[in-house]
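Note sheet for the following structure.
Here, each number is a calculation from the coordinates, and none is a lab measurement. No experiment lies behind these values; they were computed from the predicted model shown. As a convention, Cβ positions derive from the backbone with ideal geometry for all residues, glycine included, and neighbour counts pool all protein chains shown.
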Amino acid sequence: MTRWEPDARGRLQQAALELFGERGFEQTTVEDIATRAGLTKRTFFRHYRDKREVLFGGGDEFERLFVDALADAPATATPLEAVAGALEAVAGWFHGRREQAARRQVVIAANAELQERELVKLATVAGALAGALRERGVAEPAASVTADTAIAVFRNAFERWVAAGEERELTELLRESLDALRAVTAAG
């Protein structure tokens, strides 16, 4: 493979996921990833700060998508309706990425440091959502509770979506999780 082929970032991500799956996260080096992708370590560091970033590099886009979709919800939407719309937008972002997401999830599940980083990422998104809800006029503690609940709904649906044998789309699983939440809260 030549060094001038397009999509170096995608090739690095693909190589990293393959190697993390084969060898484990700790046993895979940046040099291993670059070599598998047919690139140099220097090219790797142009795209990622370290090998963890291969797994978490899209975090800002993920957060922005959530917050922008929430901001675009109709002014008449309840807080739960607004986050439901944001969840639908996020599900669309994952369309066609199930295999990659499942492989990423396996790597994270096998490493406590990566699990912690994933939780921090989700807490950051929850904080941003709470801020967006406050901008919509939702008072505390309702803004934070709604944001934290949205992340819990997302995690529940996402973990089921990437599980072996699951064939339903993420959108369907998110709706199912939201329906379960509504049923629990309606029951009082």
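Scanning region 33-54 for residues being touching a helix residue (DSSP H, G or I) at 6+ places or on another chain (Cβ under 6 Å) and closer than 17 Å to LEU114 by Cβ gives a total of 4. Based on this model, can you work out whether ALA110 counts as touching a residue at least 60 places away in the same chain (Cβ under 8 Å), loosely packed, with under 15 Cβ neighbours inside 10 Å and over 22 Å from ASP60 (Cα atoms)? In short, yes.
Results for (1) in contact (Cβ under 8 Å) with a residue 60 or more places away in the chain; (2) among the hydrophobic types (A, V, I, L, M, F, W, C); (3) closer than 24 Å to ILE108 by Cα, shown as yes or no for each residue.
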| position | (1), (2), (3) |
| --- | --- |
| LEU129 | yes, yes, yes |
| ALA132 | yes, yes, no |
| ARG136 | yes, no, no |
| SER144 | no, no, no |
| ASP148 | no, no, yes |
| PHE154 | yes, yes, yes |
| GLU167 | no, no, yes |
| LEU173 | no, yes, yes |
| ALA180 | no, yes, no |
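Here GLY58, GLY38, GLY96, GLY24 are screened, and the one residue that is at positive phi and free of Cβ contacts under 8 Å to residues at least 12 places away in the same chain is GLY96.
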